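Worksheet: the structure to be examined is printed underneath.
The values are calculated or read from the model by the stated rules, or taken from the named source; none is laboratory data. Note that the structure is a prediction, hence the values are computed from the model and not measured. We place every Cβ from the backbone using ideal geometry, glycine too, and count neighbours over all the protein chains shown. Accessible surface is based on the protein model in full, side chains and every heavy atom, while ligands, DNA and RNA are left aside. Shrake-Rupley method; radii C 1.70, N 1.55, O 1.52, S 1.80 Å.
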Amino acid sequence: MSEHMIEDLVEGSIRALHTRAPAGDRRVRDWFAVLYRFQDARDCSFTHFRVMEVLLERGFTYRFSLADHPEYPQRREFLDGLAEFTALSEADHPAGSEDWDDFDDWLDQGYVDPPHLYCDAGTALWRRMIETGKLDGQDAEPLPGTPLAEIVHEVALAAEAAGDIELIALWHAQGISAFLGVAGIADERRMRAIRAFRDIALRTGAISFDLPDGYRPPPEFYEDDPLKSWWAGADSAEFDDPT
């Protein structure tokens, strides 16, 4: 699947979840975090600003003045001098520098889109904002890390309600391995969500929804793998929910 399609897939999923989830549903910020981790594991661009107002409303992203940065008194000239989008981790530790390997997330120290400073929940700058009292209460709650399979099931429920079969089909085309977790471990929590998602894909026709060439594996891809064949729509008591 093209990386631009992944960006569109994540954007569409965020919009669908935002539309369906009640106002104040704190699970949504964690769902967004997991979806962006899924996107960041691929060769995708930074796309937060496509849906920034949603991210702000749901408490995944926080927007501050530059003067709110904990190091503003010492770094005022640098911060005020930024004229374009800048990830502060990259500005302080450019790729290839000795310290770059210390950063797992290029957005970990926040980012500036003049005249505002931003940070995402779960990042180092977010934690510093909590420590300095800029964030508290619900905004300081940690992200639990929901399995991707559970989130995609929620996306499918929202997409089904909206009649967006293509969104379900595009997630299904990712293949079951995308939702099984580390080393393809199919724990029961993930499998329940996977079964529920597959049920939606079946009843909506998303499994056979017409997608552009290259977005869904060919039939022979599934032939020698019972789990993948089941994912593609084949009946199998082995993988159906026993309850």
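Observations
- Farthest positive-ward along the chain dipole, Cα basis, beta-carbon charges - from ALA16, LEU79, ALA121: ALA16
- Accessible surface of the chain, 1.4 Å probe: 47 percent of it comes from carbon and sulfur atoms.
- Rolling a 1.4 Å probe over the protein heavy atoms gives the chain an accessible area of 51 Å² per residue.
- GLU57 paired with ASP199, simple spin-label distance in nm, labels 7 Å along Cα-to-beta-carbon: 3.0 nm
- Mean separation of Cα pairs under 8 Å and 6 or more residues apart, divided by the residue count, gives the chain a relative contact order of 18 percent.
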